[in-house]
Amino acid sequence: MLQDLSFALRSLRLRPGFSLLAILTIALGIGINVGMFTIANGVLWKPLPYADSERLVKLSEMSASGGLNCSYPNAEDWKRSSGAFEDIALERPFPAVALRLTGSVESVSAGFTHANLFSILRVQPVLGRLFTAEEDAPGVEQAGVITDRAWERYFGRDPAVIGRHVRALVAMEGQQADSIAIVGILPPGFRYENRDLWLPLNRFWGSIDALRGNHWFSGVGRLKPGVTLERARAELASISRDLEQQYPATNKDVRAVPESLVGFYAGKTRMPLLLLFGAVGFVLLIACSNVVHLLLARTVGRSREISVRLALGANRLRLLRLLLAESLVIAAAGGAAGILLSLWAVKWAIAAQPRLLPRASTIHVDASSLLYGLAVTAATLLILGLIPASSSRANILEAMQSAGRNETGRRRQRIGWGLIAAEVAMASVLLMGAGLMIQTLRNLTQVNLGYQPENVVAVDFSLSPFKYTRDEEVEAASQGMLDAVRSLPGFVSAGFASPFDIGGNGMLPPVSLPGRANPPTPPMVPATVISPGLLETLRVPLRAGRFFDPRHARKEEVIVNQEFARRFFPGENPVGQRIEQNGIQEIIGVAGNTRLQGPVSQDLPEVYWLRTGGWGNGTMLIRVAGSPESMIAAVRDRLKRAESEITLASVAPLQLAEEARTALPRFTRSLLLIFAVLAVLLAAMGMYGVAAYGVAQRRREIGVRMALGASGGNVAWLVVRQTFSATVAGVVAGAIGGTLFARLLTSQFYGVTARDPWIYLAVLVLIVLAASLASLAPVFSASRIDPAESLRQE
């Protein structure tokens, strides 16, 4: 075999153009496949950095109003009644904890949880200990566990931090913690839900077991060995039905939703990544088809050599090994180059969207990527190896005749056109997918958001709770912040909001209508606390009533949007009506629908609560006359000078947050378009190769036709007829396949259907244009054939 490989290398060196084209084509196909596998594997399939992570389950609930977090009493009932779980733990991610450190106050991302969370995640501290179940109770000394990241960032990896009491403030339902004893440090690399400080749950919520209707918590469980997720779903569904019967007031239509932890983190990226992973498979098949035809043409060109070897007594198996050696060299070289290409492709994809891909920091070409690359290379070799296997069946007499002008040559040409039709079909499917994503993104960008994010700077801030301990001090500091930004050049207006997260759900308190019939389980409606002037700053239109007026504002006033009015007061004037959401509230105005909450493609009901006092934390929104990017440094400087102990978590144009909502479709569109263009280019190269090979095979026939008076148009039609026949067949097959493919991906599209005629027309035009360009050179070559010279050569 080594001798065969040596001969194959020498043979390929004699044909550098053929060799380089074949290797680069395979490298392109394998490279983007390995790169896409690496990304998909890192997001969808790679185990999480917890022991036996495949048994970890994320728990939430679903109601008629939509998705919910977990109710504490419900979760306790799951734990008692289900036999599928080893254990279940809850955690709550807010509020942040303010730590008084040497010379600074830091707002630390905290998680409040039961002590069993760490045993569920199979984690042990590298220093100190974990807090215990006994410490997870009101009135017990506060104990906390920090991550390795927090240990380095806030304490400089000082081992003496264990046992240290750190001044802290946890403001929650009137409770405060004056200090926290750091009892343990979690191992390097351990991160769960991006929390840096873990505190006992019940220490801060002493009566949560009685609040069945409050869905405040995120749940995680560990399945028992051998228990499937399907069994857990069935058990929790049965328990949820029992709880509905026992507690109809709070559990009507509420169901537990278990999901694998890996699947939870993958979230909305799952379907787009699977779509792109399938797309690169098509590109690889098209690349292989092109190389298959190159090898076909080369094998036919060597038919005389093959015949002589057979006539001299060469063994067919030996001949097959010789031809297979060339395929092996091409596949191996292409695979190696492809893996190198994938290193760059993965880095580029992650750099393009670092926040879009879950676990992006852990995604890199690793051993599993290399194994996948080897598997793809082996599959490529198998495809390319079919060529010498079929070629070795040529008999000696056929091969001794003039190459290509026999039935064998015509049969191989038909195979070539069949491959081209398949390439065109796959390229058409990718073009249809890219076209649908382009139209989807166009539709999303044309959605009326209901507010104007342009020229707005969003500032996420928190004031030091150690410095500002009274309401009047917080109010004065908030006014100082407003005064500081009012002096900015180009300042227009400003306001506060909390919680403010573009695309998030804000708070989700239930809503009911006093004195009217209400459903057993009141619907959850997003609510945001705002200051007077906030809606005006965002340019939200007023549809009825009035906005909040700081001169005579009352805490019990609320503003609702049009969708809220339509759902809760159909055919009525909602202004002056009362609702119950965190107390009895009076509607004073109706604002236009905005897409601040939830998906950009949906109108959701929204409620705006009024806060008349100060703002210790939240988001400050500042509208300016010029570019918000140019104001960021000035905003930071003014606020820092106004309040020395202010923490600015983020200062950025609001437009960036809005654009982030379309980041996933933009990412999908960009990659799918790249893959579709590559597919079309490869298909066009294949068309050119098959057409040029056909001209070479039919040179004598074309010469005879021209000698008998055939016109240039007749010769051109002779060349392009098969090209366009294969193209039309491929486009029709691709349209059928693309329609079926698009139906599976309906959830990824917005405002467009799989039967959009303009998409079909665009695909047809692009493919026909590619076929026309690919046929130009072969047509020109055919028209230059000299009939006399062609016949004389025969």
Seminar exercise, completed: Across (1) closer than 13 Å to I182 by Cα; (2) touching a Pro at 6+ places or on another chain (Cβ under 8 Å); (3) open to solvent by 50 Å² or more (accessible area, probe 1.4 Å), Q124 clears everything bar (1)
For this session: Can you confirm whether region 211-219 contains a residue that is of a type in the set (G, A, S), in contact (Cβ under 8 Å) with a residue 40 or more places away in the chain and assigned to a loop (DSSP other than H, G, I, E, B)?
Result: yes
Problem set entry | Residue identified as farther than 30 Å from A22 by Cβ and more than 31 Å from the chain's Cα centre (by Cα) among A625, A692, A663, A652 | A625
Exercise. When the residues of region 578-627 are filtered to those that are assigned to a strand (DSSP E or B) and of a type in the set (D, E, K, R), which remaining residue is nearest to L463 (Cα to Cα)?
Worked result: R623
Exercise. Is region 607-616 home to any residue that is touching a residue at least 24 places away in the same chain (Cβ under 8 Å) and under 30 Å from Q748 (Cα atoms)?
Worked result: yes
For this session: Of all residues in region 232-250, count the ones that are open to solvent by 50 Å² or more (accessible area, probe 1.4 Å) and either more than 20 Å from A84 (Cα to Cα) or in contact (Cβ under 8 Å) with a residue 40 or more places away in the chain (or both).
Result: 6
For this session: Residue by residue through region 589-609, note down the ones that are under 24 Å from the mean Cα position of the chain (by Cα) and of a type in the set (D, E, K, R).
Result: R595, D603
Problem set entry | Candidates V529, V560, filtered to the one that is closer than 22 Å to R623 by Cα and open to solvent by less than 70 Å² (accessible area, probe 1.4 Å) | V529
Seminar exercise, completed: Residue pairs qualifying under the 7 Å Cβ cut-off, at least six apart or on distinct chains, with the first in region 623-637 being closer than 11 Å to P653 by Cα and of a type outside the set (F, W, Y) and the second being open to solvent by 60 Å² or more (accessible area, probe 1.4 Å) and assigned to a strand (DSSP E or B), are R623/V492; V624/V492
For this session: Grab the helices (runs of 4 or more DSSP H) fully contained in region 1-117, keeping just those with 3 or more residues being hydrophobic (A, V, I, L, M, F, W, C) and at pLDDT 90 or above.
Result: 16-40
Exercise. Does any residue of region 565-583 turn out to be within 40 Å of the chain's Cα centre (by Cα) and under 29 Å from F491 (Cβ atoms)?
Worked result: no
Problem set entry | Answer residue from region 538-557, given it is open to solvent by less than 40 Å² (accessible area, probe 1.4 Å) and small (G, A, S) and is farthest from Q602 (Cα to Cα) among those | A553
Exercise. Among the residues of region 527-544, is any in contact (Cβ under 8 Å) with a residue 60 or more places away in the chain, more than 18 Å from T594 (Cβ to Cβ) and assigned to a loop (DSSP other than H, G, I, E, B)?
Worked result: no
Problem set entry | Residues (under 15 Å from E643 (Cβ atoms), assigned to a strand (DSSP E or B) and in contact with a Gly (Cβ under 6 Å, 6 or more places away or on another chain)) located in region 459-514 | L463, F496
For this session: Filter region 28-43 down to residues that are open to solvent by less than 10 Å² (accessible area, probe 1.4 Å) and not β-branched (V, I, T) and give me whichever is farthest from G226 (Cα to Cα).
Result: G29
For this session: Could you list all residues from region 252-275 that are modelled with pLDDT under 85, more than 22 Å from L48 (Cα to Cα) and either assigned to a helix (DSSP H, G or I) or open to solvent by less than 60 Å² (accessible area, probe 1.4 Å) (or both)?
Result: L275
Problem set entry | Residue ID - surrounded by the most Cβ atoms within 10 Å (Cβ to Cβ), chosen from residues in region 127-171 that are of a type in the set (V, I, T) and part of a strand (DSSP E or B) | I146
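Here is a yes/no grid of residues against (1) open to solvent by less than 40 Å² (accessible area, probe 1.4 Å); (2) of a type outside the set (S, T, Y); (3) at pLDDT 85 or above:
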site: L654; (1), (2), (3): yes, yes, yes
site: A663; (1), (2), (3): yes, yes, no
site: T668; (1), (2), (3): yes, no, no
site: L673; (1), (2), (3): no, yes, yes
site: L681; (1), (2), (3): no, yes, yes
site: Y688; (1), (2), (3): no, no, no
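The values are calculated or read from the model by the stated rules, or taken from the named source; none is laboratory data. Keep in mind that this is a model prediction, so the values were computed, not measured. When we count neighbours, we look across all protein chains shown, and the Cβ atoms used for this are built from the backbone with ideal geometry, even at glycine. Each accessible area value is taken on the protein alone, full model and side chains, heavy atoms only, with ligands, DNA and RNA left out. Shrake-Rupley method; radii C 1.70, N 1.55, O 1.52, S 1.80 Å.
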